[in-house]
Amino acid sequence: MSLTYPSWKRWLLAVLLVLPLQLSFAADVVDRQVLNGLASDSNEDRSKAITALGLLSTPGAAAVLAALGDGNVLITSDGTVLLARNREQALNPATGEIIAPPSDAQPLTLNNRLRRALQSALASSELFSPHPNIRLAAAQRLQKEADPSRASVIERALNLEKDPAIKRALEVALASAALKSPEPSVRRNAVMALGDSKNAAFKPALLGLVTANSAGQFNESDDSVRTAAKKALAQIEQHQTLVSWVGNIFFGVSLGSVLLLAALGLAITFGLMGVINMAHGELLMIGAYATYIVQSLFKQWLPGWIDWYVLAALPVAFLMTALVGMALERTVIRWLYGRPLETLLATWGISLMLMQAVRSIFGAQNVEVANPSWMSGGITILGDLTLSYNRLVIIGFAFCIVVAVWLVLNFTRLGLFVRAITQNRRMADCVGVPTGRIDMLAFGLGSGIAGLAGVALSQLSNVGPDLGRGYIVDSFMVVVLGGVGQLAGTVVAALGLGVLNKIIEPFWGAVIAKIAILLFIVLFVQKRPQGLFAPKGRSAE
């Protein structure tokens, strides 16, 4: 008895094994007629050939387009198109053979017209890429081109696509291409789809449909399409208004969080001791430079942990600025209690000394403090608005600091003494509260919080000797508006001023917004000198 397969089974097995290879090979080769257009001397024929390659969803066509972009397409004297791999090898995309390039082969040079055609063709070809990010980017590019000749390839990609986000982008691209359809119903459906996308990039195309020319004639002849275009424009404008308001509120809360961090320490020192500390901005600067030093140490000694240098910078900045603040209180400020004008002048001089010291050590130029990877990028909401991670982290960090300060002031012995001195310094001194030591510790606490604010500011703006100048006036405005020594008032005032500033800016500009806020605070304080939250039981000094 024979153990071999019958002959027909052997032939069937051979066909099954060879057929996938043949199909793969067929997918890799490109129609010779399409390639002949590239070998033509006419730029018109070459442009059509490039467009035809973009409409093919085969790996071979994608390889030809990629070679065109890299300048690796060779044309022989007999009109054969080759893809150069190196000096000794070239691929014939019509046959799949690898041959030695002839000596007469010349590279195909692209002019601006052919480059534009190549970009469009690459976008069509990339719709079938195995990488989702490439497919999404290609679909978004095709949305802007509105080329009806690409409708078939977009439909083919749409039928094969599984990713919901990419499918949505392809549907919008297909609608954009359908705007030039001869059928009014197709154009109307396309306009409705563009309106549902709420993408502001389609406003010019939609406006073109509802705008009359000099002769009073509309570019779009069908009334139903124009009506749909007006509704689509209204949808997009409503969405853009919503995005604008949400964005202004987010950036206002972000600015308010920065002001809160900058003013929180000042609220403690100003509320407790009545010291007008003009050097508070320079304490923010010291905290930012402490962050820069920690980053430099991590780069040199712990490069694998560089993403976590910000966490290490927090205690370093707090301790450094707290020690500087306590040293200032013990050497200068303690002799000036009860004389606010003298404290203003003295701390202003100290601020100049601190800035000059930083210039002498680090130089007058800004230093680079980079965001760690987990604070880079952002979250996209509402289609157009990106909430950056660094601002989201700083908003959360600011509220964590507020909670920590509230716990210290309400549930620690230091907080008890601080509240007692704030309400009645003389009585607290009479009952044995060490007011001198509490003043030093409270000033150190406020200065340490300023250092933490400097860490946050280093993640948003440039770090330089003048960093603190931009926040000292705003910090005092927050403290005065919120109520001297009032934690809740400081929070409300900081967030309120931040949001109000960002809402006014788009209408009047940044400078007028600052002036308007200053006038508002002046008028508010005239009617309510104690601020939003009046201090309770505070005695006159």
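The values are calculated or read from the model by the stated rules, or taken from the named source; none is laboratory data. No experiment lies behind these values; they were computed from the predicted model shown. Virtual Cβ from ideal backbone geometry, glycine too; neighbours counted across all protein chains shown. Remember, those area values only see protein heavy atoms, side chains included, never the ligands or the DNA or RNA. Shrake-Rupley method; radii C 1.70, N 1.55, O 1.52, S 1.80 Å.
Worth a mention:
- Any hit, region 265-281, residues being closer than 14 Å to D439 by Cα, in contact (Cβ under 8 Å) with a residue 60 or more places away in the chain and of a type in the set (S, T, Y): yes
- Test: residue in region 327-340 that is surrounded by fewer than 19 Cβ atoms within 10 Å (Cβ to Cβ), charged (D, E, K, R) and under 30 Å from V492 (Cα atoms): yes
- Cβ-Cβ under 8 Å pairs, at least 6 apart or on other chains, region 211-233 side on the phi > 0 side of the Ramachandran plot, far side at pLDDT 80 or above and surrounded by fewer than 13 Cβ atoms within 10 Å (Cβ to Cβ): none
- The set of residues in region 372-389 being in a loop (DSSP other than H, G, I, E, B), in contact with a strand residue (DSSP E or B) (Cβ under 9 Å, 6 or more places away or on another chain) and more than 20 Å from L314 (Cα to Cα) consists of G377 alone.
- Spans of helices (runs of 4 or more DSSP H) in region 129-230 with at least 2 residues out of contact with any Ser or Thr (no Cβ under 6 Å at 6 or more places or on another chain) and over 30 Å from A62 (Cα atoms): 184-197, 203-210
- Put simply, of R528, R538 the only residue that is open to solvent by 40 Å² or more (accessible area, probe 1.4 Å), touching a Ser or Thr at 6+ places or on another chain (Cβ under 8 Å) and at pLDDT below 85 is R538.
- Selection from region 196-235 of residues that are polar (S, T, N, Q) and in contact with a helix residue (DSSP H, G or I) (Cβ under 9 Å, 6 or more places away or on another chain): S197, N199, N219, S221, S224, T227, Q235
- For region 365-378, the condition of being open to solvent by 70 Å² or more (accessible area, probe 1.4 Å), under 16 Å from V463 (Cβ atoms) and more than 24 Å from the chain's Cα centre (by Cα) holds for at least one residue.
- Which numbered condition F533 misses (of (1) open to solvent by 30 Å² or more (accessible area, probe 1.4 Å); (2) under 28 Å from R413 (Cβ atoms); (3) outside any loop (DSSP other than H, G, I, E, B)): (3)
- Hits in region 407-431 - residues which are at pLDDT 90 or above, surrounded by 11 or more Cβ atoms within 10 Å (Cβ to Cβ) and out of contact with any helix residue (DSSP H, G or I) (no Cβ under 6 Å at 6 or more places or on another chain): L407, T412
- Residue in region 195-209 that is crowded, with 18+ Cβ neighbours inside 10 Å and touching a strand residue (DSSP E or B) at 6+ places or on another chain (Cβ under 6 Å) present: no
- Sole residue being of a type outside the set (V, I, T), modelled with pLDDT under 90 and either open to solvent by less than 60 Å² (accessible area, probe 1.4 Å) or assigned to a helix (DSSP H, G or I) (or both), chosen from L344, L392, L352: L344
- Restricting attention to region 300-326 and to residues that are free of Cβ contacts under 8 Å to residues at least 12 places away in the same chain and assigned to a helix (DSSP H, G or I), the residue that is most open to solvent (accessible area, probe 1.4 Å) turns out to be W301.
- Matching residues, region 58-82, being buried (at least 18 other Cβ atoms within 10 Å of the Cβ) and closer than 15 Å to G37 by Cα: A61, V64, L65, L68, V73, L74, I75, T80, V81, L82
- Considering residues of region 170-222 that are among the charged types (D, E, K, R) and at pLDDT below 80 only, the residue nearest to the chain's Cα centre (by Cα): K180
- Candidate set from region 212-239 (those that are out of contact with any Phe, Trp or Tyr (no Cβ under 9 Å at 6 or more places or on another chain) and of a type in the set (G, A, S)); member that is most open to solvent (accessible area, probe 1.4 Å): S214
- D466 meets all of the listed conditions (1) in a helix (DSSP H, G or I); (2) more than 22 Å from the chain's Cα centre (by Cα); (3) over 30 Å from L416 (Cα atoms); (4) not aliphatic (A, V, I, L, M) but one, namely (1).
- If you go through region 277-299 and keep only what is more than 18 Å from S373 (Cα to Cα) and in a helix (DSSP H, G or I), you end up with H280, G281, E282, L283, L284, M285, I286, G287, A288, Y289, A290, I293.
- Of all the criteria given as (1) in contact with a helix residue (DSSP H, G or I) (Cβ under 8 Å, 6 or more places away or on another chain); (2) open to solvent by 20 Å² or more (accessible area, probe 1.4 Å), the one not satisfied by T291 is (2).
- Taken as a whole, the structure places V369 among residues that are part of a loop (DSSP other than H, G, I, E, B) and either within 30 Å of I249 (Cα to Cα) or out of contact with any strand residue (DSSP E or B) (no Cβ under 8 Å at 6 or more places or on another chain) (or both).
- A288 being in contact with a strand residue (DSSP E or B) (Cβ under 6 Å, 6 or more places away or on another chain), closer than 15 Å to A456 by Cβ and modelled with pLDDT of 90 or more: yes
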